[in-house]
Structures are given as C-alpha cells and as structure tokens.
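Presented below is the structure to which this report refers.
Read-outs throughout are calculated quantities, based only on the coordinates presented, and are distinct from any laboratory measurement. In this text, all values refer to a predicted model and were calculated from it rather than measured experimentally. A quick note on method: Cβ atoms are made from the backbone with ideal geometry, for glycine too, and the neighbour counts reach across all protein chains shown.
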Amino acid sequence: MNYRHAFHAGNFADCMKHALLVWLVRALQRKPAPVLLLDTHAGAGGYALSTGAAERTGEWREGIGRLLDQPAAPALADYLALVRAAGAPTVYPGSPLLLRALLRPDDRLAACELHPEEHATLRRSLGPDPRVAIHQRDGYGAIGALLPPAGGIRRGLVLIDPPFERPDEFAQIAAAIALARRRFATGLVAAWYPVKHRAPSRAFLDGLADAGIPDLVAAELLLRRPVDPSRLNGCGLLVASPPWGFEAAAAEILGAIADTLGIGQATSAVRRLTPERTAA
Ligand SMILES: C[S@@+](CC[C@H](N)C(=O)[O-])C[C@H]1O[C@@H](n2cnc3c(N)ncnc32)[C@H](O)[C@@H]1O
C-alpha cells in the first residue's frame, strides 16, 4: 500500500468526484428519511495544500485552485462553498470530511481506511461525532459487513474509491458494486475509476452492463484524449441507481469543470449504460 492521496488531493479527479458526490447526497436528502453514507476507501480526511505532498506535486493548482479562482458556475456553487467552509485553499477536504459536513442529525457515516497512518489521521480529522463510525478495515469487506445498514436505515450511498494499485482493481470494484446492490438494494453506489487509455475503463463498463446490473450511469471527464497510458487523462464516476435528475445535473457539473480546467481540450460525457429496470 504505497498510495498516499495527499499527493493528489484537490486535483481534477477529486473535483469531479466530490462535486458529483455532493449533488448525490443532497438528492438523497430531498426526503426526510435518514441515510447511511459508507465511504469504503476514505483516505486521510483533510489535506494541507500549500505544504508537504500536495505542495510538491502541485496537482491541486490545476484542479481546485483553478475552480476557486473563477466565479463559481451555479452547478459548482454548493460543492465550492463546502470546500471553502472546510478551509480551502489552505486545506482540501477529502470525501469523509465532505460527507460529514452534509450529515443531518439522524444520518450516519461509516468511513473505512486500511492504511494505519492514513487511518490515524482520518480519526483525528473527523474527531468524535456520534453520527460517524471510523473503521480500519478493508473497504470491500465492509460492504458485506456493514450492509444492510443497522438501525432500520433504508436509504444511502456507498462510495467506492480505491487507489488502483492492484491489477485487479476494476474486477474488485465490479464485484463490490454487485454485492452492494444485493445487500443494499434501496441504496445507491458511486464508484470512481481512472481513464488512462480507453480499453480498461471500456471493458469495465461493458462488463457491468453485460452482467445485467440495472440503472447504471457513467459520468466521465477527460482532460485530453486518452492515448498516453502513463498519464491520468481523465476519470469517471459510475453510479448505480442514481436519484432522479442525475444525468442532467452531472452533465452541468462536469461541463462547468471542463470549461474551467480544460483550456479548451477537456470534454465530459454522461452515459446511461443500463435502463432503470430490466425487463421482467
Ligand atoms: C483514492 S484514496 C481515497 C480518497 C478519498 N475517497 C477522497 O475522495 O478523499 C484511496 C484510499 O484507500 C486506501 N486503501 C487502500 N486499500 C484499501 C482497502 N482495501 N480498504 C480500505 N482502504 C484502502 C488508501 O490508503 C487510500 O487512502
């Protein structure tokens, strides 16, 4: 486990993932019933941007740095307000901090992080909160162990955001999505994936569609044509059972990010992979 998210915090991939995540949680919260948010690969929580790892790569300057420098597009206003409230541009909030900021009194967050140091930092970042459970455990295993949610919660979201260090990560995610759908059919799943070159991400999406998982939508942002497999040329968020309105909202969010970050080359696309319900 060599991956450290601090090197990449606030980059374009974080911006697209977190802006979509904020929209998804707000959409779930249109109804008053409590939700469970399960973050299977949570990272360290908050990341200093102008010192240490993030400062060294400077990736955030091409991501959240640019978004914060421009007048906020309406589609990004909510996300950017949360990021600012969490301390940007001094500190960038990772997914568990953003999710915690969105919790209502009866909502719950379970955040899993396997790496001991990242887990210890996450614990410090989140602090004690009766709505939040922090686990040092394998995030894929947590899907089987923590779902369906305790306490009669019937709605929620599972965020799957692994580091892609393992060659079988796409296969792991596909299996995890299928398991999460079985154990928490009334919840939704959002899984982040990289686009370096086209073949692996296309095979991943085709495989999920062929497996017959209903109601899948892929939202992708490409900074440039994905022809150089050594670079992160783009990324996607695969969403299973998105709330009503997701496709239009995601197109707006990604379009606004592409316009601000891409210097003319970036493109975005939101694609439905499988229909809402399979035919009986
Ligand atoms: C991409 S980062 C997560 C970023 C975070 N979700 C965010 O958006 O701010 C992936 C994290 O997963 C952790 N990790 C790696 N393997 C894991 C596993 N099997 N279970 C849980 N966490 C894992 C890594 O240590 C790393 O902190």
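Couple of notes before you dig in:
- Residues in region 177-233 that are over 17 Å from ALA269 (Cα atoms) and in a strand (DSSP E or B): LEU188, VAL189.
- Any hit, region 156-164, residues being within 14 Å of CYS112 (Cβ to Cβ), charged (D, E, K, R) and in contact with a Phe, Trp or Tyr (Cβ under 9 Å, 6 or more places away or on another chain): yes
- Pairing each residue of region 156-171 that is in contact (Cβ under 8 Å) with a residue 60 or more places away in the chain and at positive phi with any residue that is β-branched (Val, Ile, Thr) and more than 8 Å from the ligand (Cβ to nearest atom), provided the two are 6+ apart or on different chains, yields C-beta distances under 9 Å for GLY156/VAL35; GLY156/THR186.
- Flag if ASP107 is of a type in the set (Asp, Glu), surrounded by 21 or more Cβ atoms within 10 Å (Cβ to Cβ) and within 12 Å of the ligand (Cβ to nearest atom): no
- The single residue among ALA101, ALA111, ALA142, ALA120 that is assigned to a helix (DSSP H, G or I) and in contact (Cβ under 8 Å) with a residue 60 or more places away in the chain turns out to be ALA142.
- Matching residues in region 50-76 - criterion: being assigned to a loop (DSSP other than H, G, I, E, B), away from the ligand (no atom under 13 Å from the Cβ) and closer than 30 Å to ASP107 by Cβ: ALA72, ALA73
- Among the residues of region 1-47, those identified as outside any helix (DSSP H, G or I) and away from the ligand (no atom under 14 Å from the Cβ) are GLN29, ARG30, LYS31, PRO32, ALA33, PRO34, VAL35, LEU36.
- Pairs where the first residue, in region 65-88, is at positive phi and the second is in a loop (DSSP other than H, G, I, E, B) and loosely packed, with under 15 Cβ neighbours inside 10 Å, C-beta under 8 Å, 6+ apart: none
- Tabulated pairs, region 19-32, first within 9 Å of ALA250 (Cα to Cα) and of a type outside the set (Gly, Ala, Ser), second within 16 Å of the ligand (Cβ to nearest atom) and in a helix (DSSP H, G or I), C-beta under 9 angstrom, 6+ apart or interchain: LEU20/TYR79; LEU20/ILE253; TRP23/TYR79; TRP23/ILE253
- Residue satisfying all of: in region 147-164; of a type outside the set (Gly, Ala, Ser) and farther than 15 Å from ARG181 by Cβ; farthest from the ligand (Cβ to nearest atom) among these: ILE153
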